[in-house]
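Q: Below is a structure I'd like to ask you about.
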Amino acid sequence: MQLVLASGSPRRRELLQQIRADFVCLASDIPEQQGTHETASAYVKRLAYEKAIASAKQYGAACIVIGSDTLIDRDGEVMEKPRDQAHGIAMLRSLAERTHKVRTAVCIMYYDGNAPSLVQIEEVTTEVSMGAISESAALTYWQTGEPLDKAAGYAIQGGAARWVKRISGSYTAVVGLPLYETEQLLQAVEAKLG
């Protein structure tokens with residue numbers, strides 16, 4: 001059974017390679033817009049599901065699909081990818097000297113070529129505490145280009161690691177794919193398929 005990762009993210013691909021060797025990547029282009037009364041938790045789970053469905057349809061044959069999405073939740077406010085330099089620096093500085101939540105949802109489903117079944121969705125929440133981040137340090141980091149496509153404009157596995165005081169939860173979920181939970185969900189779906 002073909003395994004499909006519904007992502008174009010090199011970080012997710014590298015993470016999945018740690019637990020599964022044989023899979024294909026199919027990025028899905030779905031609108032990422034939080035609903036008016038949608039919680040951060042409901043939003044991240046919906047995006048993981050929609051990415052999985054879109055990639056399964058793109059694949060067009062029977063497969064097991066992994067969809068995942070990560071967002072930053074700062075006191076209930078969803079922080080997505082930066083729109084521009086000013087926005088990116090402002091978001092990063094707003095995380096300084098405080099703790100925020102990184103919410104990552106993973107959706108595993110079997111797609112028979114026409115419809116999904118055996119859908120499993122799990123959200124993993126990790127708390128990240130940051131130290132001080134000066135304006136000049138944030139600007140220097142922005143100029144590396146790394147923050148451009150990252151939630152809240154930072155990558156824990158990259159240059160922003162210098163500001164991370166502690167994490168409580170799953171490191172791989174913060175990077176983009178919670179490996180323990182992903183493997184457990186994959187095994188559950190595979191067991192049902194026999």
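The values are calculated or read from the model by the stated rules, or taken from the named source; none is laboratory data. Keep in mind that what you see is a predicted model, and the values were worked out from it rather than measured. Every residue, glycine among them, receives a Cβ derived from its backbone with ideal geometry; neighbour counts consider all protein chains shown. Heads up: the accessible areas ignore ligands, DNA and RNA and are worked out on the full protein's heavy atoms, side chains in. Shrake-Rupley method; radii C 1.70, N 1.55, O 1.52, S 1.80 Å.
Q: Of all residues in region 24-55, count the ones that are in a loop (DSSP other than H, G, I, E, B), open to solvent by less than 40 Å² (accessible area, probe 1.4 Å) and touching a residue at least 40 places away in the same chain (Cβ under 8 Å).
A: 0
Q: Continuing with this model, one more query. Which number in (1) assigned to a helix (DSSP H, G or I); (2) under 21 Å from E127 (Cα atoms); (3) not basic (K, R) marks the one condition that D73 misses?
A: Only one criterion is unmet by D73, namely (1).
Q: Going by the structure shown, is S68 assigned to a strand (DSSP E or B), buried (at least 21 other Cβ atoms within 10 Å of the Cβ) and small (G, A, S)?
A: Yes.
Q: Scanning for something touching a strand residue (DSSP E or B) at 6+ places or on another chain (Cβ under 8 Å), at pLDDT below 95 and either over 25 Å from M130 (Cα atoms) or of a type in the set (F, W, Y) (or both), does region 77-93 turn up at least one residue?
A: no
Q: Then there's this: Going through region 2-21 one residue at a time, which ones are polar (S, T, N, Q) and within 14 Å of G176 (Cα to Cα)?
A: S7, S9, Q17, Q18
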